[in-house]
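The values are calculated or read from the model by the stated rules, or taken from the named source; none is laboratory data. Everything quoted here is computed from the prediction, not taken from an experiment. FYI the Cβ positions are ideal-geometry reconstructions off the backbone, even for glycines, and counts take in every protein chain you see.
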Amino acid sequence: MLIPFLIPFVIAMFLAINMGGSGTAPSFSAAYGTNLIKQSAIPGLFGIMVFLGAIIGGKNTAYTVGKGLIQPELMTFTIVSIILISVAFALLIANLFGIPQSTSQATVMAVIAPAVYFNSLNTHKLLYDVLPTWFVMPIFSFILAFLIGKYIYKPIRKKGYTISKKLNDHFMFKGGILIMSMYVAFAIGTNNVANAAGPIAMMAVNELNISDEYFLQVLILATLIVAPSFGIGSSIFGKKILQNTGKEIVLFGKVEAVIIAFISASLLLLASLIKGIPTSLVQLNVSAIIGIGVAKLGGKNIFFKTEVNRFFIMWIIAPLIAFLVSLLLTWGADSWGLINI
């Protein structure tokens, strides 16, 4: 009993390591891009803020992932293991290519696969809450960043305020950028940790016959196991991804760094705290980066960059991989009689 119960936890930790690599970019790429923080200092600070976000604000998203899209009774050892393996595989591919990928989208697609297979998908939640959020928020992030960049940042920049050495070297300004990076990491905790901890907690409630009223306590225990692995993943995969997003898309100014961090983290927190929608902070962040870049350099110079095109392609491929792998493994497990519902 103990060994199969531990297997999903081990997989969840492996998934969290991959999520840590993918989540490093949207949280600290802005500060790293401005040479404000060393890469070696990022994993520890990132891990602490992710943990705090998960404990303080991760409950709603965990409910959605754990039982909002699929019948809770389906969250058994086998199904949860399949979901986590599928997500980890998809994110591992993205990390190997150095592309920050949406953990939330990959997780939702992996959860949808067994739900579709067993005809238990909550289509209302998917069609009216999750999918609209996925499409609208990155567009909103891009528009906000573009408008701020074009009509607020550029006029200020023309007057020379943004290149003022006195302003840029002021300790309060530098501290503000680091606070924004920590703010983004906190937002990741409210959303992405639930991708691993939510299914694990629901599985524990089902398999151990724990009353649903204790789901939050079980979730906290799962988070204590999963969250530290984010820092490990940041150490392993973070450097390459930070180079892609922090250095190669567009040269950041310090004011731009604050704008990007604030927009992306605030939108994610709205999705996490209000409706508990698993949402891509990676896409919100990169959309804001592109918005600032278009405002500065024009759309032609940004959208034809190789890195941007690679991002869009991987954002489509990775969730599809998670869905197909999850569906295939669910079919195989059911065919071999490994699923007892």
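For residues that are of a type in the set (Gly, Ala, Ser) and in a loop (DSSP other than H, G, I, E, B), scanning just segment 256-296, find the one that is surrounded by the most Cβ atoms within 10 Å (Cβ to Cβ). Steps first, answer last, please.
Just the residues of segment 256-296 that are of a type in the set (Gly, Ala, Ser), to begin with: 257, 261, 264-266, 271-272, 276, 280, 287-288, 291, 293, 295.
Next cut, in a loop (DSSP other than H, G, I, E, B) only: 276, 280.
Details: GLY276: 24, SER280: 30.
Restricting to residues being of a type in the set (Gly, Ala, Ser) and in a loop (DSSP other than H, G, I, E, B), the top hit is SER280.
Would you point out the residue of segment 1-44, among those that are loosely packed, with under 13 Cβ neighbours inside 10 Å and within 22 Å of VAL80 (Cα to Cα), that is modelled with the highest pLDDT?
Taking the candidates together, the pick is VAL10.
Sort out which residues of segment 66-121 are over 17 Å from ASN18 (Cα atoms) and assigned to a loop (DSSP other than H, G, I, E, B), and write them in order of number.
Correct list: LEU69, ILE70, GLN71, MET75, THR76, PHE118, ASN119, SER120, LEU121.
Does PRO132 satisfy the condition of being at pLDDT 80 or above, within 26 Å of GLY298 (Cα to Cα) and not polar (S, T, N, Q)? Reasoning before the result, please.
Working: at pLDDT 80 or above: yes; within 26 Å of GLY298 (Cα to Cα): no; not polar (S, T, N, Q): yes.
Judged against the criteria, PRO132 is not a match.
Quick one: count up the residues across segment 14-65 that are in a loop (DSSP other than H, G, I, E, B) and without any contact (Cβ under 8 Å) to a residue 24 or more places away in the chain.
Going through segment 14-65, the residues in a loop (DSSP other than H, G, I, E, B) turn out to be 34-38, 58.
Within this subset, residues satisfying the condition of being without any contact (Cβ under 8 Å) to a residue 24 or more places away in the chain are 35, 38.
Counting residues in segment 14-65 that are in a loop (DSSP other than H, G, I, E, B) and without any contact (Cβ under 8 Å) to a residue 24 or more places away in the chain gives 2.
Would a scan of segment 128-142 turn up a residue that is without any contact (Cβ under 8 Å) to a residue 60 or more places away in the chain, outside any helix (DSSP H, G or I) and of a type in the set (A, V, I, L, M)?
Let us first name the residues in segment 128-142 that are without any contact (Cβ under 8 Å) to a residue 60 or more places away in the chain, namely 128, 131-132, 135-136.
In the following step, the residues that additionally are outside any helix (DSSP H, G or I) were identified as none.
Among the residues of segment 128-142, not one is without any contact (Cβ under 8 Å) to a residue 60 or more places away in the chain, outside any helix (DSSP H, G or I) and of a type in the set (A, V, I, L, M), which makes the answer no.
Taking the options ILE200, ILE163, ILE143, name whichever one is surrounded by fewer than 16 Cβ atoms within 10 Å (Cβ to Cβ), modelled with pLDDT of 85 or more and not aromatic (Phe, Trp, Tyr). Don't jump to the end; show me each part of the working.
Working: ILE200 fails: surrounded by fewer than 16 Cβ atoms within 10 Å (Cβ to Cβ); ILE163 fails: modelled with pLDDT of 85 or more.
Of the residues listed, the single one that is surrounded by fewer than 16 Cβ atoms within 10 Å (Cβ to Cβ), modelled with pLDDT of 85 or more and not aromatic (Phe, Trp, Tyr) is ILE143.
Taking the condition of being touching a Gly at 6+ places or on another chain (Cβ under 8 Å) and modelled with pLDDT of 90 or more, how many residues in segment 61-74 meet it?
Counting residues in segment 61-74 that are touching a Gly at 6+ places or on another chain (Cβ under 8 Å) and modelled with pLDDT of 90 or more gives 4.
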